[in-house]
Amino acid sequence: MLFFPGPGSATGEDCAEFHCHGGRAVVAAVIGTLAGMPGLRAAEAGEFTRRALLNGRLNLIEVEALADLIDSDTEAQRQLAVEAGAGLGSRCASWRERLLDIGAWVEAEIEFEEEADVAQGLDSQAERAIADLVAEMEAVLSRARFGERLREGVRVALLGRPNAGKSSLLNALAGREVAIVSDTPGTTRDRIEVMLDLDGIAVVLTDTAGLREGGDGVEQEGIRRSLESAASSDLCFWLAPVDEPLGDVPHGLGRDVRVVRTKADLASGVPDGAWCVVSARTGTGLDSFMERLRSTARNLVGSGEPGLIVRERQRRLVESAVAHLRVARAAGAIEVRAEEVRSACRALDRLVGRIDVEDVLGAIFSRFCIGK
């Protein structure tokens, strides 16, 4: 048994660890003995991390980074969780310190409002500092989408009419049968997802129901979900067999739609306008498809430094701080400027969990494993 006295432990409280030898029966017996002791209970999901947060051992950004580290499936996601968590936390601390300085200058400007020379000098100093801070925050925000996409995975929707070969292509890319393949139209009724690790980048492929008119209520619900997947995806592939006319690709499928001709073993030649031509049956074109998908995924997550912002919550709060600072910069009344600077500081406090933390704790810790 190891004992870790607070406040130097991971949670800031007194902690003890039991290191058990043997198989599951030994561990179960130890747990059973502990459970029979008055006042002892099993930890809830994320409880140790929650206590570390409440005791000031971690801030909310670090908690989110830990959750991302636990959930990481690829090396790039692991590195992002480690680097972005520490990077955004330190950057936020720097921003907050500068905001406090700006707030002090603005408050001093109010005090010396009747002394024109002093007030003008403080106003100019605050103006330059706000401009520099907004520029730095906007630079971080410009890469936020890359960080969010790398953390969540590049989402790719496989779309097409029934029997276009979507499920067959998904199985071929996954290297196993994850979707039912049948000649019967409308076999796929719901979304099926497979995650591929392409050089450390998570790419989530979604097989969807074939788009067509008619069908029963269940199939129509599948089609609705297909269109929903298309709208939320980073990339959409419209699949069409080479032995059939391409026809019109439906409008409104997504931001980036590319045509993939399937069943290449049924015809010779490369159809015009195709992004790629593949055959799930023979493997023709699959290597080329994967290489082009890998290159596209790299472009979608960006090159160089990964984004420090990796969650929508983080992005919205930094955007809020920037919006308040823009108002402060344009404000004619000193009192308005002072209040907007305070509001920007409060947005950063919410970012690290100094205030308004309870409303996000449930959502974050519900995804943690028991105990951790």
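The values are calculated or read from the model by the stated rules, or taken from the named source; none is laboratory data. Just so it is clear, the structure is predicted and the values come from calculations on it, not from any experiment. Cβ coordinates were reconstructed from backbone atoms using ideal geometry, including for glycine residues, and neighbour counts include every protein chain displayed.
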Legend entry - Long-range neighbours under 6 Å by Cβ, at least six apart or interchain, first residue in contact (Cβ under 8 Å) with a residue 60 or more places away in the chain and over 14 Å from Ala135 (Cβ atoms) within the stretch 316-338, second of a type outside the set (Ser, Thr, Tyr) and in a loop (DSSP other than H, G, I, E, B): Arg337/Ala331
Legend entry - Whichever residue in the stretch 278-294 is hydrophobic (A, V, I, L, M, F, W, C) and at pLDDT 90 or above and, among such residues, is surrounded by the most Cβ atoms within 10 Å (Cβ to Cβ): Leu293
Inset, instruction - Quick one: in the stretch 182-208, of everything that is modelled with pLDDT of 85 or more and among the β-branched types (Val, Ile, Thr), which residue is farthest from Val156 (Cα to Cα)? - result: Ile201
Inset, instruction - Please enumerate the residues belonging to the stretch 7-29 that are surrounded by fewer than 14 Cβ atoms within 10 Å (Cβ to Cβ) and touching a residue at least 12 places away in the same chain (Cβ under 8 Å). - result: Pro7, Ala16, Glu17, Phe18, His19
Legend entry - Tally of residues being touching a His at 6+ places or on another chain (Cβ under 6 Å) and of a type in the set (Gly, Ala, Ser) across the stretch 317-343: 1
Inset, instruction - Among the residues of the stretch 303-318, count how many are closer than 13 Å to Ala139 by Cβ and either in a helix (DSSP H, G or I) or out of contact with any Leu (no Cβ under 8 Å at 6 or more places or on another chain) (or both). - result: 3
Inset, instruction - Identify, by number, the condition in (1) more than 12 Å from Ala164 (Cα to Cα); (2) in contact (Cβ under 8 Å) with a residue 60 or more places away in the chain that Leu239 doesn't meet. - result: (1)
Inset, instruction - Give the residue, chosen from Val336, Val341, that is surrounded by fewer than 16 Cβ atoms within 10 Å (Cβ to Cβ), at pLDDT 85 or above, assigned to a helix (DSSP H, G or I) and aliphatic (A, V, I, L, M). - result: Val336
Inset, instruction - Considering every residue within the stretch 9-22, establish whether at least one is assigned to a helix (DSSP H, G or I) and not small (Gly, Ala, Ser). - result: no
Legend entry - Which numbered condition Phe48 misses (of (1) at positive phi; (2) part of a helix (DSSP H, G or I)): (1)
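Quick grid of which residues meet (1) closer than 18 Å to Cys276 by Cα; (2) modelled with pLDDT under 75; (3) buried (at least 18 other Cβ atoms within 10 Å of the Cβ); (4) out of contact with any Pro (no Cβ under 7 Å at 6 or more places or on another chain):
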site: Val218; (1), (2), (3), (4): no, yes, no, yes
site: Glu221; (1), (2), (3), (4): no, yes, no, yes
site: Glu228; (1), (2), (3), (4): no, no, no, yes
site: Ser232; (1), (2), (3), (4): no, no, no, yes
site: Cys236; (1), (2), (3), (4): yes, no, yes, yes
site: Val242; (1), (2), (3), (4): yes, no, yes, no
site: Val249; (1), (2), (3), (4): yes, no, no, yes
site: Asp256; (1), (2), (3), (4): yes, no, no, yes
Inset, instruction - Restrict the check to the stretch 355-366 and report whether at least one residue is at pLDDT 85 or above and either on the phi < 0 side of the Ramachandran plot or within 24 Å of the chain's Cα centre (by Cα) (or both). - result: no
Inset, instruction - Among residues belonging to the stretch 51-82 that are β-branched (Val, Ile, Thr) and part of a helix (DSSP H, G or I), point out the one that is farthest from Arg315 (Cα to Cα). - result: Ile70
Legend entry - Evaluation of Val63 against (1) closer than 30 Å to Val204 by Cβ; (2) more than 24 Å from the chain's Cα centre (by Cα) (one fails), failing number: (2)
